[in-house]
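Some notes on the structure that comes next.
The values are calculated or read from the model by the stated rules, or taken from the named source; none is laboratory data. The structure presented is a predicted model; accordingly, all values stated were derived computationally and were not measured. Note that each Cβ is placed from the backbone with ideal geometry, even for glycine, and that neighbours are counted across all protein chains shown.
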Amino acid sequence: MRLILFVILLALLLRGYEWVAHDSRMPWTPLSLAAPIGPFTTRKIGALADDTPRCHQLLEQASIGYSPLPPVTAGPNCSYDNGVTLARDQPQSIAYRPAARTSCPVAISLVLWEKQIVDAAAREYLGTTVEAITTFGSYSCRRIGGGQSGNFSEHATANAIDIAAFRLADGRTVSVAGHWDADDERSRFLKAVRDGGCEIFATTLSPDYNKAHADHLHFDQAPRGGYQYCR
């Protein structure tokens with residue numbers, strides 16, 4: 001009897017170990033674009049800042065078309081060497097206008113956001129899908145707020161992107177500037193994609209943050225050691 005109980009206990013322990021060792025939500029499991037977003041997803045994406053080959057590999061494994069960008073050097077605070085452009089010629093992929101040219105970690109984040117947040121929110125609140133996303137761009141050699149002093153923005157290293165509007169498959173356009181406070185399904189969609197961005201990006205800023213963000217959602221992957229700022 002004791003032997004049987006021991007075998008059962010051992011089997012349960014081994015099964016538990018297998019689950020813990022391979023559960024995508026755990027901090028030690030590798031990032032996968034096919035896995036659900038978890039509490040350590042942002043930390044895993046952040047680690048890609050120092051591992052561009054691995055970042056490229058993740059896109060390739062998920063069959064996400066991309067093109068590496070040539071390095072940009074415009075001074076010590078305005079440069080990047082891990083930029084990519086997402087190819088949007090795959091079936092059901094969302095086009096960016098203008099094209100999303102970002103750091104590879106931000107591109108990884110956008111893919112997760114599109115597939116696990118934007119698509120579901122569009123279907124739930126708008127009854128359709130998103131065909132294109134209008135952006136205010138990514139790379140911009142400037143300081144936070146565009147001033148003459150202070151810290152440089154994550155835009156200065158292509159580590160951020162600003163999202164302005166969504167064009168839907170049924171022809172409608174939902175914009176941050178026009179519909180954030182509409183108090184209807186468009187507003188609820190925008191807040192859902194903002195909230196979903198908070199699960200993926202290190203920094204998520206919206207019109208709820210300040211007037212400077214009244215017309216866009218700002219997403220970036222600033223190195224915060226796993227801490228996320230969402231407003």
**Q.** Those residues of the range 97-125 which are over 22 Å from Thr42 (Cα atoms), modelled with pLDDT of 95 or more and either among the small types (Gly, Ala, Ser) or touching a strand residue (DSSP E or B) at 6+ places or on another chain (Cβ under 6 Å) (or both), in sequence order
**A.** Ala122
(Q) Just the residues that are surrounded by fewer than 16 Cβ atoms within 10 Å (Cβ to Cβ), part of a loop (DSSP other than H, G, I, E, B) and out of contact with any strand residue (DSSP E or B) (no Cβ under 7 Å at 6 or more places or on another chain), please, taken from the range 159-190. (A) Asp170, Gly171, Arg172, Asp181, Ala182, Asp183, Asp184
**Q.** Criterion violated by Glu131 - all others in (1) more than 23 Å from Ala222 (Cα to Cα); (2) in a loop (DSSP other than H, G, I, E, B); (3) in contact with a strand residue (DSSP E or B) (Cβ under 6 Å, 6 or more places away or on another chain) satisfied
**A.** (2)
**Q.** Verdict on Thr42 being within 18 Å of Ile161 (Cβ to Cβ), of a type in the set (Ser, Thr, Tyr) and in contact (Cβ under 8 Å) with a residue 12 or more places away in the chain
**A.** yes
Q) Can we say Asp51 is without any contact (Cβ under 8 Å) to a residue 12 or more places away in the chain and surrounded by 11 or more Cβ atoms within 10 Å (Cβ to Cβ)? A) yes
Q: Give the residue, chosen from Ser67, Ser63, that is out of contact with any Phe, Trp or Tyr (no Cβ under 7 Å at 6 or more places or on another chain), over 17 Å from Gln221 (Cα atoms), assigned to a strand (DSSP E or B) and without any contact (Cβ under 8 Å) to a residue 60 or more places away in the chain.
A: Ser67
**Q.** Filtered residue count, the range 189-207, keeping only those that are touching a residue at least 40 places away in the same chain (Cβ under 8 Å) and of a type in the set (A, V, I, L, M, F, W, C)
**A.** 6
Q: Scan (1) touching a residue at least 12 places away in the same chain (Cβ under 8 Å); (2) surrounded by fewer than 16 Cβ atoms within 10 Å (Cβ to Cβ); (3) closer than 27 Å to Gly46 by Cα; (4) of a type outside the set (S, T, N, Q) for the single condition His218 breaks and write down its number.
A: (2)
(Q) Among (1) crowded, with 16+ Cβ neighbours inside 10 Å; (2) more than 19 Å from the chain's Cα centre (by Cα); (3) of a type in the set (Gly, Ala, Ser), there is one condition Gly196 misses while meeting the rest; what is its number? (A) (2)
